[in-house]
Structures are given as C-alpha cells and as structure tokens.
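The values are calculated or read from the model by the stated rules, or taken from the named source; none is laboratory data. Given the structure is predicted, the values throughout are model-derived calculations rather than measurements. Cβ: placed from backbone, ideal geometry, glycine included. Neighbour counts: every protein chain shown.
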Number of protein chains: 4
Amino acid sequence: MNALRVVVWGENVHEQKSDQVRSVYPQGMHNSIAEALRAEPAIAPGTATLQEADHVLPESRLSETDVLVWWGHLAHNQVSDQVVDRVQKRVLEGMGLVVLHSGHYSKIFKRLLGTSCSLTWREAGEKERIWVCNPGHPIAQGLSAYFEIPHEEMYGEPFGIPSPDEIVFLSWFQGGEAFRSGCCWKRGNGKIFYFRPGHETFPTYHQAEVQTVIRNAVRWAAPEGTRWVDSIPNVRVSPEGIRQD
Amino acid sequence: MNALRVVVWGENVHEQKSDQVRSVYPQGMHNSIAEALRAEPAIAPGTATLQEADHVLPESRLSETDVLVWWGHLAHNQVSDQVVDRVQKRVLEGMGLVVLHSGHYSKIFKRLLGTSCSLTWREAGEKERIWVCNPGHPIAQGLSAYFEIPHEEMYGEPFGIPSPDEIVFLSWFQGGEAFRSGCCWKRGNGKIFYFRPGHETFPTYHQAEVQTVIRNAVRWAAPEGTRWVDSIPNVRVSPEGIRQD
Amino acid sequence: MNALRVVVWGENVHEQKSDQVRSVYPQGMHNSIAEALRAEPAIAPGTATLQEADHVLPESRLSETDVLVWWGHLAHNQVSDQVVDRVQKRVLEGMGLVVLHSGHYSKIFKRLLGTSCSLTWREAGEKERIWVCNPGHPIAQGLSAYFEIPHEEMYGEPFGIPSPDEIVFLSWFQGGEAFRSGCCWKRGNGKIFYFRPGHETFPTYHQAEVQTVIRNAVRWAAPEGTRWVDSIPNVRVSPEGIRQD
Amino acid sequence: MNALRVVVWGENVHEQKSDQVRSVYPQGMHNSIAEALRAEPAIAPGTATLQEADHVLPESRLSETDVLVWWGHLAHNQVSDQVVDRVQKRVLEGMGLVVLHSGHYSKIFKRLLGTSCSLTWREAGEKERIWVCNPGHPIAQGLSAYFEIPHEEMYGEPFGIPSPDEIVFLSWFQGGEAFRSGCCWKRGNGKIFYFRPGHETFPTYHQAEVQTVIRNAVRWAAPEGTRWVDSIPNVRVSPEGIRQD
C-alpha cells in the first residue's frame, strides 16, 4: 500500500505576528502538524500556506491528495474562493478533510456543512479534558478513557453544526463548559472530521495524544471507494426504451 | 393560531419565454402554487419573483416568513448572493424551506446542503409513480400508498445530497429509473424538504396529490421552537470562575 | 386542541425500600413527575407502576396515550415482555417516549435502540451543569444557556447509543466528566427523547428547569402524523399489471 | 493482512423442502454465497446453518468472525435467542453484519434496528433494476450505473427501518414499485448492510453483480477499530477528585 498523501494547510499568520506563537511553533504550526504525521510511515505529509501562490493548492495537487488537514484563524477571508471551490469538489469526490480548532470558521468547513459553525469561546488557558465517546472507533485508537490538555482556549455550546454522523469526543472544561469536540460527517464521498483543540499560543500539537488523534483521523478520512466526478447527465434513452427526442 | 406566513418563490422566466408553459400556468407557476396553498385556511401565502426589486425578499419580509417555497430552473445564477445569504440565515434561525423540482440546483439548496445536488434527467413526458415510504409521516397525510403523475420529466440517481434525515417518497419512472423524491433535513433550526415533481411544461402543480404534499410540507416545515440568532460570544467569565483577562 | 394524553411510568420500588427516597418523593417519583406535567393545562397526565396488574398498560390504554414517560432502575427485569412489546408497537405507530435517567437501561429503551445503552456512573452527589446545544430547539424553550443541578449522580461516556438524530443537551460534571444528556431519535413514527437527570435520592424532579424540559419533551414527542399500523401485505396485482398467481 | 473471517448463515430449510430451490442451489444457498466470497482471496468464508448444534455459532467462533452474512426466511423463529444475543453483542463490539433479502425479518436484524422491518411483497418473477445512489461508495465498486436481475420477488415500500446512515442502492421493479435496496447503519462499532435481492427460487446469488455487491459489503463491514466490550463501570474516584464513598 502506498503512503497516504496528506497536505497540511496552515494559514501561517499568527506565526508572522506573534513572538509567543513563534516560540511555541518555531517552524510554523503547519510544519509541527506535518511532522507529527510523519511519525507514521504510512503517511506522507506536505504543507501549504496562505502566502504561497494559489495557496499551493492547484487542482493538480489536490487531485493527488488523499487527506487535507486544515488550520486557520485570522485569515479565513483571505483564502481564495477558487481554492475553496476546488477543495469542496475534491472532498465530494472522496478526499478526506480534517478541520482543526479555529478552522470551524473556515470557508471550506462552512461551505461543506451549510450552517453557521458558531460557538462560544474564552481564552483563559484553562484545563481541557477530552472524553472518548466510542472507545472502539478508529479515531480513538491508542487512547485511554480520556486525556487532558493542561492549557487551552475554551469552546462551548451551542456549536452551530448539522448533527454529526458520529461523535467521537466530548470536552470538559475547567471553567464549566462541555463541547462536542470530535465530530464526523460524510459529504459526497469525502469524510470530514472536526477536532477541537489547538489554540496557537499553547503547545497542543506537541502533545502525544493530540498527535495520535490527528494521525488516526487522517487514516480514517482516507478515500475508501473510487472518485465520483460530478456530472448531471441527460439520459435520453431509458433502460425501458423511453426516449427524449 | 395565526396563519402560517408563506412566500412562494418563482423565478418566472419560463413563463415569459414559452407559450407552452404559459398555457399550463397562465398566472405563472408561483401563483399556481400559492393558490394551492391558499386552499388551506391556516396558510397565508404570498409570492416573490426574480424580476422584482431585491427579489422582494428583503430581510424585513423574510423575518416575518415562516416557510419559503422555492421553484427555479433557468436563472439560478441570477438570484443575488445577498438574498441567498439572507435566506440561509433565516433557515438557520428556524424558517422552513420547501425546495421543488429543479430547485435542486438553486444556490440556496446547494448552500445549505454543501454538496453537488446533481442528478440524471430526461424530458420524455413519461409516467412517474410516487411511493410513500412512511405512511404516518406528516408530509404523507391524505395520500394513498402511491400516486401517479401521468407526464413528468425524469430525475434519476445518483442524487448528490447528504444522507437525508428521513425519506418520505421514492419515485418509480416508466423509463426504468428510481429516485429519492421526498427528502427531509434539518439545518440549524430550519426544516428543509425537497420534493421532486414539477417540470414547467406539465400541469403537475394542478394535481391534487401534489398540492396536498406541498401543503403538508409547509405545515411540517413551520418553525417549532424559537429563533436562534447566530453569534459567537466571548464568555470571559466562566460559571466556575475561570476568567479571561 | 385536546390535551395531550400522557402516562408517567414509575417502577415505584425505591420508594418502598428507602426512607431517603420517600422523604424526597413522598407520593412516589411518578406522581411528582405527573404533577409537574399537570402544571401545563394542555397536558393530561396519568401514572402507571410496576405493582399494578399488567402494569396498567393494557393495549387499550396505550392506544389512547400520546406520550409515555419512563422512569425505572432496580426492576427493569420485572417489566413484562408483553408490555414491552406493546409499548414498542405503539412507539412505532407514533406514540412519543420520554426516557428518564436510569431508564437508559430499561427493556423498552434497549429494545428500540438496539444497542447496549451502557455508560459510566458515580453516586457522589456532585454538581451537574446542563448546557443547551440548540437554543432554538422546542425542548430547550424557556431555558437559559445552561442550568445547574446542585447534587446529582454522574453519568459518563462512553454512552452506548446509536448516533442521536439531534443532541439538545450536554452535561458537565463537577467530578470532571461530560455526557450527552438530551438525545432525540425517531423510530417508526415515534419520537424518543432521553433526558439524563433524576437520581432517586435527589429532588431533581422538583427543580423548575428539569420540569420545563420534561414538559417541553412531552410536547415535542407528541404524535404528528397518523398511526401507521404494522403489516406486511402481499400485493398480488401490481400497478403495472404484473400478477402473482 | 490476514484474510477476512466470514461466516455465511443459511437457514437451509427451503433447500430441504423444495425441488425447485434445490435445483437452483444444489449445495444450499449458504454454500453458493460462501463460494462467491471465496472468489476473493482476501476473504475466508465458512458457513453455519439452523440444523447444526448451537447453529455452530458459539461465542468462540463469533469472537473470531469479522463479518457475518445472514440469509433466513421460513425459520426465523427457530433461531435461538441465545445465538441472537451473542450475535448482537459481537456486532456492537465491531463485527460486521450483512443481511440478505428475507433476512429483513430475522430476529437479529429487528433486534439491532428496533423497528418492524416490514415491507410489501409479490412473488411474480418480475424484473428488478438496481440503481447505484453513490457510485463512489465502497459497496458499489465494480458496478455500472445500474444492473438488472431478470426474475425476482418484489419488495416494496413502506420499509419499516430507522433512517439509514447511507443508501447505496434503490430498486425499480417491473410491476411498478421502488425500494431502498441497499442500506447502511452503524450500531455500536458494528457496520450493518442490508441488501434486498435473493429469493430462493431464482439464481440471484449466481449473478456476477450480486456477488460483487456481497463481496464489497463484506469488505466494507469488516471491523475498523478495536473491540469495545460492553460494561457499565462505577467510577468511584473522579479525575477532579470527587469520590463516591
């Protein structure tokens, strides 16, 4: 089996602006996430950022991508609509999409889900405990009943999403909130997974359990069937011999 | 109980171009559909068309609309994005949306579902038989096990939609195809129903069973709870006393 | 509109055995819940208990019941299979079912969902905070963003249920767990709602917000369409003239 | 990768009673289905029948089974409840289940879905055309837009099932009916697929496309994650230090 071809999108804006973020992710968040994926020999990750031409997500590259991982926050609106169109098309054809943290407000996530994707939030560096709702689920492999992230931003309900096909994780926050933190959907032939943690000022993506989840999610989201390319054919002659003239 | 406030959107383009369509729907398709709704005293229908300023769908009118019925075909791209934004927002707040026939390719339907909404088709005036999948469903009230439309356009699978929450109707076509013809979704607080029949050159919307379905669908799609207006609040002080400074 | 005909099932066993439970619910839990429903003029509640003959749930009574509310714990296995068969049949026909707290392990809940319905638990009288996931949902009407129950048993994930159609509430527990506390399903024409709180030693069902949820849930679960009685007809002559001899 | 361990259950009753069935399936239907699976080197099929002791489905064998394929019709009630309990438990743990044709009325299918699983039917040997609703789905691999079965029993709507997670096939019948013929659900960690065709008097299971679907379904239903064994633990000491005494 060939390695899964993964692209990690990082908007790479906080890293340019903030010493604090740079100190946590000196190579940029996208490179830290890609590195965590590289620990798995069966995954071959690359990266893409906002600053590169056409976001280095041309149709040809997407066409050869099995799973796209998406982290963005400040610059959702700077992602070109053309790239969003392409990514949507590829997800419907079967490419997996793993959306991280503030990516809940990305154009592509809202495009595919059709809802507000709003939530409540607080940046207080509080403790988050992530519970596994289904210990047998592929995305929960290698985890215990729960794991903790010592300092994170809080995301709270109501989370403006369509009902997930499956919920893999719930979060408990020190401040008193609870949240649907790991959610699965299928759109067309593409599997979509949303995973909550990952505020830019905390070393969340350096944490082993978080890396395990992202690796699991990438494997889970990999295409299963064949590519279904969108079309709207006019079937002029029917199986039963009815004809359109 | 006050009457349900319904707006029937008709793009009203075929009616301007085609003698045949005009002969079937002399007042325009939107007016025929509205009239069918008016047969029910508890429904107060109005109309809106592409040609009117701002499509006569300003925020103030949508704000007082319980259910929007949508028929469009040739001019999906002429519907202003601003109106689509408004309609999406209102559906998420709780307004019902009933999408008819070629409305499967409308901007608003694709926006809310996030998928291609493609299908196969044939205009051969063949017989369609619509089967009830759940005789107890509110949208199927007053129908028998099936009803027939003598002449219709065919729509066939694959239909590029997210899995419906519920399927109320399946169609059987004389030419040999089958189709998911009555599909329910919820997005935010809005209920969405897609109903397949209604090609512009056939008197489908004059048929009693079709009118029954649309009336039922409007009642089913009416708002149930309260309006949830989108926001993304920063909860700086938590219930457990954690604070964001 | 006639009042909703509701039956509150209480197994009524703890009340016989425990002074503590009797001090909290002197008339029995079922009567306290029924009384909370009676506060709404549009709801006409009765009760049924394990000790009564045929659990006073004969087919004739179920046939005239719109919504059944179910609390049980110690004596799930003493509920007769015949009654469970009847209740299942009526739910599929359209009767609503509201399952409370330890009712997660009742025969009827497991029968309708088909899964283990297991969870983790702790009786430590800790604080529970219940968050609303969809403020516009009919079951959340009249509530704020969250409400608290000062002392409750904890229920934790994994909760062995099929993916809910909709999640209305999440719980946060003082001890550190989170839980899917308000879950909706539809089976046949019956709506099912599971609501977590209600340990027998705490005055949970005397709390205003809890009563509001149960009243809302009863209204939400009321039958919408017509009764669909199960059958498996042999259609010997087809609409297209194919015949079985 | 080890071969998938599959057991094909056949009740093997028609074969004892009917010359016609024996002439179509001289080795029994279960052996024909198993042989079709054997064509795929990655699948290692065995069989089990009603007549064998404990239906040769002891816990030890189920424990080492990845996917169970189920055909039954006349003798659903003779399947022991103990075996049904075991199979349900294993499905929830992650074993796949592929239910064929009249298996819609088996104890295990009704147990896992919780609904009536009723449908309408006609034995007239009419033509069935099976349409693919999602050409990219793993279960549809290797198929064209549709395939035909020259002579089959008809199954029609209403089909008394919970809304499928995904519908892969719709059937069109010569007699005029349509049906949801390929339906996916997940219960616990087990994937369930229902596939409509396969009346005992027709050579349906000798047809290449039908064999392709069953092989695809077996691969799709294979366990993905780890086994989750049911339990309901009392967590006496909480992560936050709350204790049950």
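Of everything in segment A:176-190, what is crowded, with 23+ Cβ neighbours inside 10 Å and of a type in the set (K, R)? Give them in sequence order.
A:R180, A:R187
Away from chain B (no Cβ under 14 Å) and within 28 Å of B:A222 (Cα to Cα), is that true of C:V99?
yes
Please identify the pairs in which a residue from segment D:1-15 that is closer than 15 Å to D:W70 by Cα has its Cβ atom under 8 Å from the Cβ atom of a residue that is surrounded by fewer than 20 Cβ atoms within 10 Å (Cβ to Cβ) and acidic (D, E), counting only partners at least 6 apart or on another chain.
Listed by first residue and then by second, the contacts come to D:R5/D:E64.
For segment A:112-175, give me every one of the strands (runs of 3 or more DSSP E) that falls completely inside it and has 1 or more residues that are touching an Asp or Glu at 6+ places or on another chain (Cβ under 6 Å), small (G, A, S) and crowded, with 24+ Cβ neighbours inside 10 Å.
Filter on segment A:112-175 gives A:146-156, A:166-173.
So is B:A3 surrounded by fewer than 20 Cβ atoms within 10 Å (Cβ to Cβ) and under 21 Å from B:I192 (Cα atoms) or not?
In short, yes.
Conditions (1) among the polar types (S, T, N, Q); (2) in contact with a Pro (Cβ under 9 Å, 6 or more places away or on another chain); (3) modelled with pLDDT under 95; (4) within 20 Å of B:V8 (Cβ to Cβ), marked per residue:
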{"site": "B:D85", "(1), (2), (3), (4)": "no, no, no, no"}
{"site": "B:H101", "(1), (2), (3), (4)": "no, yes, no, yes"}
{"site": "B:R111", "(1), (2), (3), (4)": "no, no, no, yes"}
{"site": "B:T120", "(1), (2), (3), (4)": "yes, yes, no, no"}
{"site": "B:F159", "(1), (2), (3), (4)": "no, no, no, no"}
{"site": "B:I167", "(1), (2), (3), (4)": "no, yes, no, no"}
{"site": "B:E177", "(1), (2), (3), (4)": "no, yes, no, no"}
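What about B:L170, is it within 25 Å of C:A221 (Cα to Cα), in contact (Cβ under 8 Å) with a residue 12 or more places away in the chain and more than 8 Å from chain C (Cβ to nearest Cβ)?
Criteria not met by B:L170.
Please verify whether C:V91 is of a type in the set (V, I, T) and more than 14 Å from chain B (Cβ to nearest Cβ), treating the condition exactly as stated.
Answer is no for this residue.
Has segment D:200-223 got any residue that is touching a strand residue (DSSP E or B) at 6+ places or on another chain (Cβ under 6 Å), surrounded by fewer than 20 Cβ atoms within 10 Å (Cβ to Cβ), under 28 Å from D:G114 (Cβ atoms) and at pLDDT 95 or above?
yes
Only residues that are within 15 Å of D:S102 (Cβ to Cβ), assigned to a helix (DSSP H, G or I) and polar (S, T, N, Q): list them for segment D:199-212, please.
If the condition is that a residue be within 15 Å of D:S102 (Cβ to Cβ), assigned to a helix (DSSP H, G or I) and polar (S, T, N, Q), then D:T204 is the only one that fits.
Have a look at C:E153, C:E177 and point out the one that is within 7 Å of another protein chain (Cβ to nearest Cβ), out of contact with any Leu (no Cβ under 8 Å at 6 or more places or on another chain) and within 30 Å of A:A140 (Cα to Cα).
Of the residues listed, the single one that is within 7 Å of another protein chain (Cβ to nearest Cβ), out of contact with any Leu (no Cβ under 8 Å at 6 or more places or on another chain) and within 30 Å of A:A140 (Cα to Cα) is C:E177.
Yes or no, residue by residue, for (1) part of a helix (DSSP H, G or I); (2) in contact with a Pro (Cβ under 9 Å, 6 or more places away or on another chain); (3) among the aromatic types (F, W, Y):
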{"residue": "B:R180", "(1), (2), (3)": "no, yes, no"}
{"residue": "B:C184", "(1), (2), (3)": "no, yes, no"}
{"residue": "B:Y194", "(1), (2), (3)": "no, yes, yes"}
{"residue": "B:P197", "(1), (2), (3)": "no, no, no"}
{"residue": "B:I214", "(1), (2), (3)": "yes, no, no"}
{"residue": "B:R219", "(1), (2), (3)": "yes, yes, no"}
{"residue": "B:D230", "(1), (2), (3)": "no, no, no"}
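Can you find even one residue in segment D:116-126 that is within 14 Å of chain A (Cβ to nearest Cβ) and either farther than 28 Å from C:V91 by Cβ or among the hydrophobic types (A, V, I, L, M, F, W, C) (or both)?
The answer is yes; a qualifying residue exists.
Looking at segment B:189-231, which of the residues that are over 28 Å from B:M154 (Cα atoms) and under 16 Å from the mean Cα position of the chain (by Cα) is nearest to the other protein chains (Cβ to nearest Cβ)?
Ranking the candidates gives B:N189 first.
List the helices (runs of 4 or more DSSP H) that sit entirely inside segment A:1-72 and contain at least 1 residues that are within 24 Å of A:L112 (Cβ to Cβ) and out of contact with any helix residue (DSSP H, G or I) (no Cβ under 6 Å at 6 or more places or on another chain).
Fully inside segment A:1-72 and qualifying: A:29-38, A:59-63.
Would you check if B:V8 is more than 19 Å from the chain's Cα centre (by Cα), surrounded by 13 or more Cβ atoms within 10 Å (Cβ to Cβ) and under 20 Å from B:A208 (Cα atoms)?
Spelling it out, it is not the case that B:V8 is more than 19 Å from the chain's Cα centre (by Cα), surrounded by 13 or more Cβ atoms within 10 Å (Cβ to Cβ) and under 20 Å from B:A208 (Cα atoms).
Suppose we keep only residues that are at pLDDT below 95 and of a type in the set (A, V, I, L, M) within segment B:50-67. Which one would you say is surrounded by the most Cβ atoms within 10 Å (Cβ to Cβ)?
Only one residue tops the list, namely B:V56.
Show the residue pairs meeting these rules: Cβ distance below 9 Å; 6+ apart or different chains; first residue within segment C:101-113 and within 15 Å of D:K110 (Cβ to Cβ); second residue crowded, with 24+ Cβ neighbours inside 10 Å and charged (D, E, K, R).
Listed pairs, sorted by first residue: C:L112/C:R187; C:L113/C:R187; C:L113/D:R187.
Which residue out of B:T212, B:T226 is farther than 30 Å from B:R22 by Cα and among the β-branched types (V, I, T)?
On inspection, the qualifying residue turns out to be B:T226.
Kindly check whether there is at least one residue in segment C:130-143 that is free of Cβ contacts under 8 Å to residues at least 60 places away in the same chain, more than 7 Å from every other protein chain (Cβ to nearest Cβ), closer than 30 Å to B:P164 by Cβ and in contact with a helix residue (DSSP H, G or I) (Cβ under 8 Å, 6 or more places away or on another chain).
no
Considering each residue of segment D:88-102, count those that are within 23 Å of D:L74 (Cα to Cα) and part of a helix (DSSP H, G or I), and give that number.
3
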